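A quick write-up on the structure given underneath.
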Amino acid sequence: MKPLLEHLARLSDAEDFLRFFDIAYDQQVVHVNRLHILQRFRQYLRRDDGALAALDDTALRARYRSLLQQAHDDFVHSTAAREKVFKVFQDAGQRSVPLDQLSRTLPSRA
């Protein structure tokens, strides 16, 4: 197992992950959405699974940080409608639907 993965295995909650990757966060947002953030992070990791195996520790850390930041930002900038659409796509069997893709499927607010 890579040293980074060994270290990550010891982290116990969303706040630990966010601190480890030096991602600024609002405790209230994380408190309410911590499981959703980590689930989204896991989904993004699964989406990149094949590519991650070939990365060295430095590149792997950068990619993990990027995906965790994306998962966190999804919830900070998300709306209830976007989350519902994400859930529908997820329940329909798609592995992951990034919110930026969903925004193209939602009617715009003019």
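The length gained by stretching the chain between Val32 and Val76 to full extension, at 0.36 nm per residue less their Cα-Cα distance, is 14.7 nm.
Please list 58-67, 20-29 highest first by mean number of surrounding beta-carbon atoms within 10 Å per residue.
58-67, 20-29
Values quoted throughout were computed directly from the atomic coordinates according to the rules given, and no laboratory measurement underlies them. Predicted, not measured: the structure shown is a model, and the values here were computed from it. FYI the Cβ positions are ideal-geometry reconstructions off the backbone, even for glycines, and counts take in every protein chain you see.
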